[in-house]
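**Q** Encoded as structure tokens, here's the structure I'll be asking about.
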Amino acid sequence: MPNYKAPLRDMRFLINEVLDYPAHYARLSSGGEATPDMVEAILAGAATLCEEVLAPLSLSGDREGCHFKDGEVTTPAGFREAYRKFVEGGWQGLSFPTKYGGHGLPTSMSVFKTEMMGAANWSFNMYPGLSLGCINTLLKYGTEAQKSLYLPALVSGEWTGTMCLTEAQCGTDLGQVTTRAESRPDGSYAITGTKMFISAGEHDLAANIVHIVLARLSGAPAGTRGLSLFVVPKFLPNEGGSPGQRNAVNCGAIEHKMGIRASPTAVLNFDAAVGQLIFEPNKGLEAMFTFMNTARLGIALQGIAHAEASFQGALAYARERRSMRALSGKKDPDSVADALIWHADVRRMLLTQKAIAEGGRAMIYAAAQTADIMFNAVLEEDRATQAEYDNLLGFYTPILKGFLTELGLEAANLGMQVFGGHGYIHEHGMEQMVRDARIATLYEGTTGIQALDLLGRKVLIGTRGKCVRDFTRLMLRFARPHLFAGGCMGAMARSTVKRAIEWNLLTLRIMSRAGKDRDLVGSASVDYLMYSGYVMMAYFWALQADKAYKYLSSGQGAESAAFYRAKIQTAEFYFDRLLPRADGHRQGALAPARSLMQMDNASFAFP
């Protein structure tokens, strides 16, 4: 199994140099405690937890999996002790209000920590990870009584949370939800129905599990307009807040999964379980989107986590494993063969992984700044700023979730490929990363759903292309001073301008055709999302290259100079080798829907 090391040098580069987080935090009313010393202490502490406690459990946890018996789930050996260390370290409460026991730091601090946890052990990260959206939903929509009752234990990590949407007959199409809620004399509700695919829906790590459940009130309208949201705990809290009587929610089974086997995915049966209404009746989906957007950004991190972990494993192997001689001549003459890293195709795979991990990290860290500003506006009750940055985050979210999970899976596959046949063997840990990464393109909305959200809801209907124009304006503003520069920086700037213009033209062409061809949005959406992702990542690679050039010219030490040169060289690789993929996606997005839709359904197969 590869030895995970937190990529602190690259994280610090983005935080301190590229995105200037110190200045960003200084502008936030909630950022006063996020001093450079505090940020450094949290990065170092999280790295220690991930490297020494979580990463060593990844392979063994996958091998053992979770155990299910009589409605109870036992987690793999070592997980309970690791979770206790996570709680004792106060890691769950980093970015939540001090009023409920949190540290009151900006949301982005939790993003840094979560990335490291996910790369070290994604299965473990699932247990506290789902709680984040549960907490955010209660913070925004819960009553004061609900917040006081549930948030202290959730923020501390003593309790965990879930989101319960999916049922056997419906996944994305939540209008088909049949779980019902009947009012009770005391103002609570009896929740009855079955939910499936509930990550961390049952386990032995926490004293209580708080379920956020979509259900339908009696007489509610059909479809999504009739859904309401409820908080349904596994144990009903006593007046003092401790777990009391067992609620009528039970685990009927856990799924036998391809990956993330150390995290249980549960089938939950609600048999007139006691629940409390969150927000307003029949507005459950509106409240649930707080949960879903939080989760989607977390899953975008999964793409980067697997790319980073797989890259580290592949790089170590490529340096050590010897096979054949390099085409340009012997590189290790004292050995029987040259190390894999000397072979051009192996370098192609390694650089692709590196470009995905580091480019995607920059994209997510920039989005995290947007989330910081949005949540800070919530605290200040600045509705205009909140709406502005919520819309911006809404534009980022489908691109990050869809594009980065697809590329994260590619990076995991490349890591396995570098190992050759050994990559197929469980003990090396590389095939586990592929299995773990595969789910990321599926849950919290498949890539196709993210693409429809981006092109249909955010670009065409929501803003008529304004969100693209706003982002490309940033690209043009950055590139303009470098247009006549020599070398690769000038080439990157000119490419950035070209892609910014092209992205707008592509959007306009699809917009003009969509009214005449109703299937066009569906047929173009995934290619449009992938095109958008490649162009957005190009901008963030150009930003990194620009900073690296500036720091190189300032006369850094040898170690720093090597880091900055590697940044520039990876950016060159991205623009030369990965960004051209956008051209194929552009062509695909503009292709007529006819070739997709013309075949009669019966003609797909002839048994």
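Nothing in this text is a laboratory measurement; each read-out follows from the coordinates by a stated rule. Note that the structure is predicted; figures quoted are calculated from it, not measured. Methodologically, a virtual Cβ is constructed for each residue, glycine included, from the backbone with ideal geometry; neighbour enumeration extends over all protein chains shown.
**Q** For the range 464-594, what's the relative contact order in percent, using C-alpha pairs closer than 8 Å and at least 6 residues apart?
**A** Averaging sequence separation for qualifying contacts and normalising by length gives 30 percent for the range 464-594.
**Q** The chain: Rg/Rh from Cα coordinates, Kirkwood Rh?
**A** Checking Rg against Rh, the ratio lands at 0.97.
**Q** By how many nm would the segment from ALA77 to GLN245 lengthen if fully extended, with 0.36 nm per residue of separation less the alpha-carbon distance?
**A** Taking 0.36 nm per residue and subtracting the Cα distance, the gain is 57.7 nm.
**Q** While we're here: Pull out the extension gain between HIS426 and THR48, defined as 0.36 nm times the separation in residues minus the alpha carbon to alpha carbon distance; nm, one decimal.
**A** 133.5 nm is the gain from fully extending HIS426 to THR48.
**Q** Still on this structure, I have one more. For the pairs LYS195/LYS283; LYS147/LYS283; LYS5/LYS354; LYS330/LYS354; LYS147/LYS458; LYS85/LYS257, flag any whose C-alpha to C-alpha distance is greater than 21 Å.
**A** Exceeds cut-off: LYS330/LYS354; LYS147/LYS458; LYS85/LYS257.
**Q** Amide H neighbours of ASN247 under 5 Å, at least 5 residues apart or on other chains, H built in the peptide plane: list them.
**A** Here PHE235, LEU236 satisfy the definition.
**Q** State the extension gain, in nm to one decimal, for the chain segment bounded by GLU280 and GLN598, taking 0.36 nm per residue of separation less the distance between their alpha-carbons.
**A** Taking GLU280 through GLN598 to full extension adds about 110.0 nm, to one decimal.
**Q** Of the beta bridges DSSP finds with both residues in the chain, what % are antiparallel, to the nearest 5?
**A** 80
**Q** Which whole-Hz ³J(HN,Hα) couplings does the range 475-483 yield from phi under the Karplus relation 6.51 cos²θ - 1.76 cosθ + 1.60, θ = phi - 60°, glycine and proline marked x?
**A** For the range 475-483, the Karplus curve yields 4, 5, 4, 5, 6, 3, x, 9, 4 Hz.
**Q** Under 26 Å between alpha carbons: how many lysine pairs meet that in the range 464-594, if sequence neighbours fewer than 8 apart on the same chain are excluded?
**A** 7
**Q** Return the distance in nm (one decimal) between the two label points of a simple spin-label model at PHE484 and GLN417, each offset 7 Å from Cα along Cα→Cβ.
**A** Taking the two extended label points, one gets 4.2 nm.
**Q** Measure off 7 Å from each Cα along the Cα-to-Cβ vector at ASP20 and THR98, then give the distance between these two points in nanometres to one decimal.
**A** Here the answer is 2.8 nm between the modelled labels.
**Q** Please give the peptides 49-57, 298-306, 245-253 ranked by average Cβ packing (other Cβ atoms within 10 Å per residue), highest first, as a rough proxy for protection.
**A** Per-residue mean Cβ counts within 10 Å order the peptides as 298-306, 49-57, 245-253.
**Q** For ARG581 and ASP470, what is the calculated FRET efficiency with R₀ set at 22 Å and r taken between the beta-carbons, to the nearest 0.05?
**A** Plugging the Cβ-Cβ distance into 1/(1 + (r/R0)^6) gives 0.35.
**Q** What base-10 log of the normalised intensity I(q)/I(0) is obtained for the range 525-572 from the Debye formula, alpha carbons as equal point scatterers, at q = 0.22, 0.29 Å⁻¹?
**A** -0.71, -0.96
**Q** Let's test this: bin the Cα-Cα distances of the range 318-370 at 5 Å from zero up to the farthest pair and state each bin's percent.
**A** Result returned by the calculation: 4, 20, 20, 14, 11, 9, 8, 7, 5, 3, 0.
**Q** Can I ask one more? If the viscosity is 0.890 mPa s and the temperature 25 °C, what Stokes-Einstein diffusion coefficient in µm²/s follows for the range 464-594 when Rh is the Kirkwood radius over Cα pairs?
**A** 155
**Q** Something else about it: Compute the separation of the alpha-carbon centres of the range 1-35 and the range 537-603 and state it in Å as a whole number.
**A** The distance from the Cα centre of the range 1-35 to that of the range 537-603 comes to 23 Å.
**Q** What are the aspartates and glutamates whose alpha-carbon lies under 16 Å from the alpha-carbon of LYS99, with same-chain residues fewer than 8 places away excluded?
**A** GLU33, GLU144, GLU380
**Q** Can you spot the aspartates and glutamates whose alpha carbon is less than 17 Å from LYS401's alpha carbon? Ignore those fewer than 8 places along the same chain.
**A** GLU115, GLU308, GLU358, ASP390, GLU410, ASP436, GLU444, ASP453, ASP527
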